[in-house]
Amino acid sequence: MSVSYFNRELSWLKFNQRVLWEAERESLPLLERVKFLAISASNLDEFFMVRVGGLKTLVKTGARTRDLNGLTPVQQLRQIRQEVRAHYEDQYRIWRTMLEPALTGRGIRYRRPEQIAEQAREKLKLHFSEEIEELLNPVAMDLDEQRFRISGGRLCVLLDVGPVGKPDHADRRSVVITIPSGFPRFLRVPDTEGYEFVLLEDLIQAFADEMFPQEEIYATGCFRLTRNGDIPVQEDYAEDLAEAMESVLTARKFSNAVRLEVPTRTSKRMLETMLVLTGSKRRDVYRVPSLLDLSSLMAIASLEDFDHLREATWKPQPFVPSKEHSIFEVLDDQDLLLHHPYDSFEPVVRLVEEAADDPDVIAIKQVLYRTSRNSRIIAALIRASEKGKNVVVLVELKARFDEARNLERAEELELAGAQVVYGIKGLKCHAKACLIMRREAGRIRRYVHFGTGNYNESTARLYTDVSYLTARSDYGRDASAFFNGITGRSQWSGLRKLLPAPTRLKKTLLELIAFERDQAKQGETAEIMAKVNSLQDKEIIDALYEASQAGVKIQLMVRGICCLRPQVPGLSETIVVHSLIDRYLEHARIFSFHHGGEQQVFLSSADWMRRNLDKRVELMVPVEDSQSRKALLEILRKQFKDNVQAWFLGGDGNYGPAISGQKSAFRLQAHFAKQAAKRTEEAQRMAADVLEMHLPPDEAIQVS
């Protein structure tokens with residue numbers, strides 16, 4: 001087993017543990033802690049669907065390929081089960097001993113049907129019979145033929161039904177009720193103070209006899225199945241990629257089971273039935289002592305009328321002073337570097353909306369990986385196409401778990417007349433780029449946006465990202481060549497600024513790291529700072545090790561997976577790795593290299609993972625504008641000052657609180673929120689000092 005690298009999957013579980021630790025943090029308001037517990041559970045769901053699902057596929061095919069740490073798929077699964085069971089213990093310890101009692105003390109109480117007063121219980125029973133029962137679909141199953149297929153991710157109620165008074169009768173049957181998606185799980189108990197709630201699955205079990213008159217319910221139980229979501233599209237055999245993706249979505253619903261969650265109190269007989277129904281293995285059963293699916297607690301974290309149990313809102317600040325200022329006019333004068341969500345995402349949305357309505361704009365080209373449900377950007381692209389503008393959109397159909405939405409978006413755009421490209425064969429297109437071509441004074445002017453996050457107005461309020469908007473001609477020409485390379489299936493040649501993956505990005509990173517290594521060997525100042533979500537690529541890690549051994553100072557902010565082992569004597573002594581977990585999801589990718597005093601600063605859509613650098617279309621963008629580069633460097637440097645929410649990775653793989661050397665507390669995200677608000681106040685104060693005349697319409701006024 002290698003001592004130079006951490007295992008990717010176990011590193012991810014440590015990341016999710018840091019998310020879960022936020023639920024223990026007593027300094028956070030109560031509902032914020034509930035939110036982090038729900039996030040940790042949701043993260044674990046996706047981990048099982050994708051990572052565990054992928055490993056199980058490898059085992060099934062007989063693959064024995066070892067990871068960086070030297071573990072086979074079987075060995076990884078064994079360690080994952082051990083870590084996850086400990087993870088479950090922590091989740092339910094926090095819920096049952098900390099959060100649930102604290103919620104009860106604040107008037108948010110979970111009640112089982114038998115704990116509810118008789119009058120309120122009768123009202124719930126009436127609500128069940130009138131509003132819920134008819135929408136449920138009980139399905140009897142033949143266990144021998146297993147004709148019933150249970151989709152993953154849904155809560156299910158299992159009923160053991162048979163003739164009255166004949167518990168051993170052969171006519172007993174198993175009935176499954178799958179709770180439909182979109183159903184409210186938490187139902188308010190009538191005539192109670194505060195917010196008392198009962199779970200929908202508890203009501204179904206309590207009133208199941210209403211659905212089976214003249215029969216008896218001998219046993220009830222709940223379970224939740226997780227299926228393998230790691231089902232790739234077979235692009236080599238797909239004549240129609242959209243049709244192939246629809247097949248993948250269907251297959252995902254009924255793929256192999258990877259996890260079965262059941263309450264601890266589940267009887268042996270009911271568990272055996274659940275195993276048969278779901279096709280689960282006993283080793284993949286996880287018994288939990290309280291409510292299933294902790295991710296649903298997000299509904300509790302979002303309750304109205306309990307704002308006093310949350311942190312005060314940090315409002316995104318408008319970067320452009322008012323709607324009277326066209327984005328095109330602003331970019332004529334300066335480049336824009338936006339730090340979301342502290343700076344509003346509105347300028348990016350307005351860039352596309354203004355382009356759609358501007359008669360001088362002749363073309364819009366954009367990559368869409370993930371979008372929001374009611375996307376203003378999609379609406380603007382449709383409007384632009386309907387107005388006769390040349391709209392070219394690369395919609396990535398292989399964006400995992402967003403495939404269905406992206407299929408819908410692609411169809412909407414095509415119906416409006418836009419030219420839609422369904423990604424690139426063999427690669428995912430993860431780059432974040434938008435190009436606007438505008439006719440000005442008889443020539444074409446290009447305006448571009450590059451970002452680290454998706455064109456998603458919803459996540460732009462929750463993820464920290466950076467946007468770079470510019471009208472610089474060399475960036476515009478490169479953006480044109482980038483999009484032409486995608487649509488024309490040609491090589492990216494002649495690019496002066498943009499560094500795309502999989503052709504140039506990784507090669508350039510390795511060259512930049514090697515330059516710092518050589519500078520250090522010559523006794524010169526050498527320094528690397530990088531902020532990424534994940535670090536897993538072996539070539540990058542090995543290059544960083546070599547640079548560290550030469551004496552390069554390396555500071556890394558890695559939110560999630562980190563396979564690099566820092567602070568190891570003789571290997572990585574000069575490498576410091578921090579991780580930040582706070583209110584917003586840290587998502588920006590920013591890199592800085594000292595480069596002999598000629599600071600090289602980049603933003604990128606790519607993490608330092610093999611999949612990003614070798615198997616995706618990504619972009620790394622050098623930022624040369626002095627103000628924008630200064631802002632990026634400030635973001636990077638301050639990452640390593642946080643001594644409230646940041647964690648420090650040790651060489652043994654364990655995380656501890658980061659110590660910045662500062663005497664006072666410094667919370668990075670709070671600092672940036674205050675900084676953005678202060679900047680807005682100063683801009684508004686300056687605007688108020690300017691006297692603006694009211695001019696009569698259609699009349700010229702001469703001022704002497």
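Based on what the data block shows, is residue 543 in the same structural domain as residue 641 (by TED's automatic domain parsing) and touching a strand residue (DSSP E or B) at 6+ places or on another chain (Cβ under 9 Å)?
So residue 543 fails the test.
Could you say which residue among 3, 74 is of a type outside the set (Lys, Arg), at pLDDT below 90 and surrounded by fewer than 19 Cβ atoms within 10 Å (Cβ to Cβ)?
Unique residue meeting the criteria: 3.
Just to be sure, is residue 348 surrounded by 19 or more Cβ atoms within 10 Å (Cβ to Cβ), in a helix (DSSP H, G or I) and in contact with a Gly (Cβ under 8 Å, 6 or more places away or on another chain)?
yes
For the range 593-603, does any single residue satisfy the condition of being assigned to a loop (DSSP other than H, G, I, E, B) and surrounded by fewer than 19 Cβ atoms within 10 Å (Cβ to Cβ)?
Yes.
Report the residue count in the range 488-535 for those that are part of a loop (DSSP other than H, G, I, E, B) and over 12 Å from residue 606 (Cα atoms).
18
Kindly check whether there is at least one residue in the range 541-560 that is assigned to a strand (DSSP E or B) and surrounded by fewer than 22 Cβ atoms within 10 Å (Cβ to Cβ).
Yes.
In the range 298-332, what residues are farther than 27 Å from residue 476 by Cβ, assigned to a helix (DSSP H, G or I) and touching a Lys or Arg at 6+ places or on another chain (Cβ under 8 Å)?
Those that are farther than 27 Å from residue 476 by Cβ, assigned to a helix (DSSP H, G or I) and touching a Lys or Arg at 6+ places or on another chain (Cβ under 8 Å): 298, 299, 301, 309.
If we keep just the residues of the range 43-70 that are closer than 18 Å to residue 227 by Cβ and small (Gly, Ala, Ser), which is surrounded by the most Cβ atoms within 10 Å (Cβ to Cβ)?
Only one residue fits best here, namely 53.
Does the range 464-479 contain at least one residue that is out of contact with any Phe, Trp or Tyr (no Cβ under 6 Å at 6 or more places or on another chain), of a type in the set (A, V, I, L, M, F, W, C), surrounded by fewer than 18 Cβ atoms within 10 Å (Cβ to Cβ) and in contact (Cβ under 8 Å) with a residue 12 or more places away in the chain?
Among the residues of the range 464-479, not one is out of contact with any Phe, Trp or Tyr (no Cβ under 6 Å at 6 or more places or on another chain), of a type in the set (A, V, I, L, M, F, W, C), surrounded by fewer than 18 Cβ atoms within 10 Å (Cβ to Cβ) and in contact (Cβ under 8 Å) with a residue 12 or more places away in the chain, which makes the answer no.
If you check residue 477 against the conditions, is it more than 30 Å from the chain's Cα centre (by Cα), among the charged types (D, E, K, R), closer than 28 Å to residue 339 by Cα and assigned to a loop (DSSP other than H, G, I, E, B)?
no
Would you check which residues across the range 445-474 are part of a loop (DSSP other than H, G, I, E, B) and among the aliphatic types (A, V, I, L, M) and list them?
Selection gives 462, 471.
Does residue 167 qualify as being surrounded by fewer than 14 Cβ atoms within 10 Å (Cβ to Cβ) and within 30 Å of residue 109 (Cβ to Cβ)?
So residue 167 does not fit the description; no.
The values are calculated or read from the model by the stated rules, or taken from the named source; none is laboratory data. Keep in mind the model is a prediction, meaning the values are calculated, not measured. No Cβ is skipped: glycine too gets one built from the backbone with ideal geometry, and neighbour counts run over all protein chains shown.
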